[in-house]
Each structure stands twice: as C-alpha cells, then as structure tokens.
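Trainee: Pasting a structure here, questions to come.
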Amino acid sequence: MGQRAFLRVDGADGLVGSEVPYLELGDAAAGPTVSIFAGVHGCEYTSMLALRRFLAGLDEAALRGRLLAVPILNLAAFHARTPFVVPHDGKNLNRCFPGTPDGSFSERLAHAAFDQVVRRADAHLDLHAGDLVEALEPFTIYDASAVEEPSRAMAHAYGLGYTVRAEHGASPIGGTSSTAAAQAGIPALTAEVGGCGLVEEAAVERHLDGLRRTLAHLGVLPASFPPVPPPVELGHWAWLRSAGAGWWTPHLRAGDHAAAGALVGTVEALDGGTVEALDGGTVEEILAPEDGVALFVTTSPAVEAGGLVMGLASR
Ligand SMILES: [Zn+2]
C-alpha cells in the first residue's frame, strides 16, 4: 500500500520518535494533496485507529490526488503512554507548530512534520480525541484566516455536531497544526472524537466516517455520502481552570449545556485541609462565566492549581 516514507527530526538521532513513518499514496498530478495527522497526542487512540483502518481499507488506485498520512506522529508519547506532552521535553506538540529547526525536541518534531508533510499539501486534517483524562463531545475546529471558507466547508463535511471557529489571539490555544496550516494558506481542520484513552468502536467509526466525507468533499476520494445536518457553529471558548489544587468533581458531562453562572464543578481540599487559593475555604466552586456547551471535561479528580477542568464553547 502506497509508499512508506520517514519524517526525520534533525539533531535528535537515537531518541524515540525521531524517525516517524508515514505513507504517501496516490498521484499528485491527479488531484489535490491532503496531509492527515493522527497521534499528535500520544494516547488519543480513536484518531490513530481511524486513520490506520482507513489506510488498510483504501483502494489506492481509485484516489484522485495524493494523501500524506502520518498515523502516529508523537511516537515518544505513544510508547510511554504520556498524555498531552512529549516526554523528551514536557512540551505539548500541538502548541509548537509550525516549529523551529533548532528548538527543543517537540519544536523540531513540529518543524519536521510541518515542513516535510504539511507544506506539500493543499489541505490538512489533524485527527484528535480527548486524551487519557479527558471526555469530549465530538467537534471540529477551524481558524479565522484567509482560507477560512474552505476550512469551514471541510469542518462541515466532517459531519460532527459542533464546529468551533478559533479567532487568532482570542483563542486559548495557538500553535496547533491546523492553525499553522491555515496561517500558511492551507485550508485545515482539527477533528476531535472519543476520549479517556478508550478505543471505543463508535468513536473510531465516527472519525473514519468524517475522514472519508472530508476527503470526498475535497475530491480526493471518489465516494458520496448521505447528507448530515449542519453542525452547531460556535465561535468562543471559555477554558475553565481551578484556582487551587485538590479533588475535582465535574457537575456536567461532555455535551451538556451550562447557563451563565451555573455551578459546573467543585474542587475540594484534600485530607481535611483547605484549598490554598480560597483563603481558608475547603471547597472551590467553579461557575460557568457564560452560556455554553461543555465540549471537553477533565475526568480525573486530581487537579493542580491552575489546572484545566473544562472547555465551554459558545456562539
Ligand atoms: Zn489532541
């Protein structure tokens, strides 16, 4: 199937994950080139399995264009079962794009992946899930950019219930692969389905369906699909953090709505102590700052001061 190639991270010889296999399939002369990442985070298994399954079932001769597919980009985190970050330097790879050739390992890996794969593409898809301690409601993200309209159309084609339009500067995150692609003029999305380190069949199939739909929309995959209802379009994130460290109990589940001011969870002091940030209090109440839908919720009770507990998105 296709041709196996390797991403190489300069200056990282011998480190786990410094050579990353990927596949080149199809013919660039026959249509657009699409880059596809999975496993940017090491324990987001539904995204990796969806891409593996897609590639295993693909009839390469039918492609009208070329795919550059990286099924597990962050191999060091995958092998070590490390959520969120790359074990070599403790950085979140999805805050490092487009990367630098002379930075730390994550920055070099981001640079290699962006330079050797994404820059050759006409469109870019980055498949994620909630990580080990993260439940989520399926959604896609695309950026406000000069290529916003084709990116938004790709997000709609993916067929999930929500899309979030991320505004540069106002968004709590930067340096994602889809943001860097959009800023380089390459239409892009991030798709999130599944979570908590589980390999749930329904989530894998939902990712796979979205991937196929989007590739068909781009004209690379000759297939047609029954239409899906358009997503609810959201444009503003509130990422909620605990002030203190302690025991986190969410009062919402992923996909639930919260009204402005609603109690969405608590952080309790451990072992009869107080929550340091509370001036003697023992329970920190976390309130929704505005109406929104909980697109992701931290499931682990363990939370540190300033720890991310929930992502609420609103119009
Ligand atoms: Zn992720």
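Bear in mind that the values in this text are calculations on the coordinates, not laboratory data. Here the structure is a predicted model, which is why all the values come from computation and not from measurement. Don't worry about glycine lacking a Cβ; one is built from the backbone with ideal geometry, like all the others, and counts go over all protein chains shown.
Trainee: Pop out the ³J(HN,Hα) list for region 201-213 in order, Karplus 6.51 cos²θ - 1.76 cosθ + 1.60 with θ = phi - 60°, rounded to Hz; leave Gly and Pro as x.
Mentor: Running phi through 6.51 cos²θ - 1.76 cosθ + 1.60 with θ = phi - 60° gives 4, 5, 6, 4, 5, 5, 4, 4, 4, x, 4, 5, 4 Hz.
Trainee: Also, quick follow-up: Please turn the phi angles of region 3-18 into ³J(HN,Hα) values with the Karplus equation 6.51 cos²θ - 1.76 cosθ + 1.60 (θ = phi - 60°), one per residue in order, whole Hz, x for glycine and proline.
Mentor: Listing the rounded values in order: 10, 7, 10, 10, 7, 10, 8, 4, x, 10, 3, x, 6, 4, x, 7 Hz.
Trainee: Right, next: Looking at region 1-80, send over the antiparallel percent of its DSSP beta bridges, to the nearest 5.
Mentor: If we restrict to bridges inside region 1-80, about 65 percent are antiparallel.
Trainee: Another question, then. Among Ser104, Gly90, Val118, which residue has its Cα positioned farthest towards the positive end of the charge dipole of region 81-121, with +1 placed on the Cβ of Lys and Arg, -1 on the Cβ of Asp and Glu, and the dipole taken about the Cα centre?
Mentor: Projecting each Cα onto the dipole axis, the largest value belongs to Val118.
Trainee: Right, next: Please get the size of the charge dipole for region 3-233, origin at its Cα centre, with Cβ charges of +1 on Lys and Arg and -1 on Asp and Glu, quoted in debye to the nearest 20.
Mentor: Around 300 debye, computed over region 3-233.
Trainee: About the Cα centre of region 236-314, what is the dipole size in debye to 20, counting +1 per Lys and Arg Cβ and -1 per Asp and Glu Cβ, all else neutral?
Mentor: Result for region 236-314 is approximately 260 debye, rounded to the nearest 20.
Trainee: For Gly307, enumerate residues with amide H under 5 Å from its amide H, sequence gap 5+ or separate chain, H modeled in the peptide plane.
Mentor: Result for Gly307 returns Ser242.
Trainee: In the neighborhood of Val204, defined by Cβ-to-Cβ distances under 12 Å, what is the net charge if each Lys or Arg adds +1 and each Asp or Glu adds -1?
Mentor: Within the 12 Å Cβ shell, the charges total -2.
Trainee: Hey, for a label at Glu24 modelled as a point 7 Å past Cα toward Cβ, could you say which residues of region 49-80 have their backbone N under 13 Å away?
Mentor: Flagged as within label range: 66-69.
Trainee: As a test of the formula, what do you get for the chain when each DSSP H run with n ≥ 4 contributes -39,500 (n - 2.57) and the sum is divided by the residue count, at 222 nm and rounded to the nearest 500 deg cm²/dmol?
Mentor: After summing the helix terms and dividing by the residues of the chain, the value is -6000 deg cm²/dmol.
Trainee: Relative contact order, percent, of the chain when contacts are C-alpha pairs under 8 Å separated by at least 6 residues?
Mentor: Once normalised by length, the contact order is 17 percent.
Trainee: Moving to a separate point now. Check which residues have an amide H placed less than 5 Å from Leu234's amide H, if you skip close sequence neighbours.
Mentor: It is Thr163, Val164, Arg165, by chain and number.
Trainee: For His79 and Ala216, compute 0.36 nm times the residue count separating them, minus their Cα-Cα distance, and round to one decimal in nm.
Mentor: Working it through step by step, the gained length comes to 46.1 nm.
Trainee: Identify, among Gly272, Ala223, Ile286, the residue whose Cα sits farthest towards the positive end of the charge dipole of the chain, taking +1 on the Cβ of Lys and Arg and -1 on the Cβ of Asp and Glu, with the dipole about the Cα centre.
Mentor: Ala223
Trainee: Also: Taking Cα centroids, how far is region 69-88 from region 276-315 in Å?
Mentor: Distance between centres, Cα-based: 27 Å.
Trainee: For the peptides 68-77, 158-167, 232-241, what is the packing order when you average, over each peptide's residues, the other Cβ atoms within 10 Å and list the highest mean first?
Mentor: Packing proxy ranking, top to bottom: 68-77, 158-167, 232-241.
Trainee: Still on this model: Around Val232, with a cut-off of 12 angstrom between Cβ atoms, what is the net charge of the other residues, counting Lys and Arg +1 and Asp and Glu -1?
Mentor: Net local charge, Val232 excluded: 0.
Trainee: Further question: Looking at region 14-79, which trypsin sites (Lys or Arg not before Pro) are DSSP coil and have at most 16 other C-beta atoms within 10 Å of their C-beta?
Mentor: Passing sites in region 14-79 are Arg64.
Trainee: Under a point-charge model restricted to the Cβ atoms of Lys and Arg (+1) and Asp and Glu (-1), what is the dipole moment magnitude of region 141-250 relative to its Cα centre, in debye to the nearest 20?
Mentor: 60 debye
Trainee: Among Leu67, Val133, Ala313, whose Cα projects farthest towards the positive end of the dipole of the chain, with charges put on the beta-carbon of Lys, Arg (+1) and Asp, Glu (-1)?
Mentor: Final value for the positive-end residue is Leu67.
Trainee: I would also like to ask the following. Based on Cα positions only, what radius of gyration and what Dmax would you give for the chain, in angstroms?
Mentor: Rg, Dmax (Cα atoms, Å): 19.7, 67.
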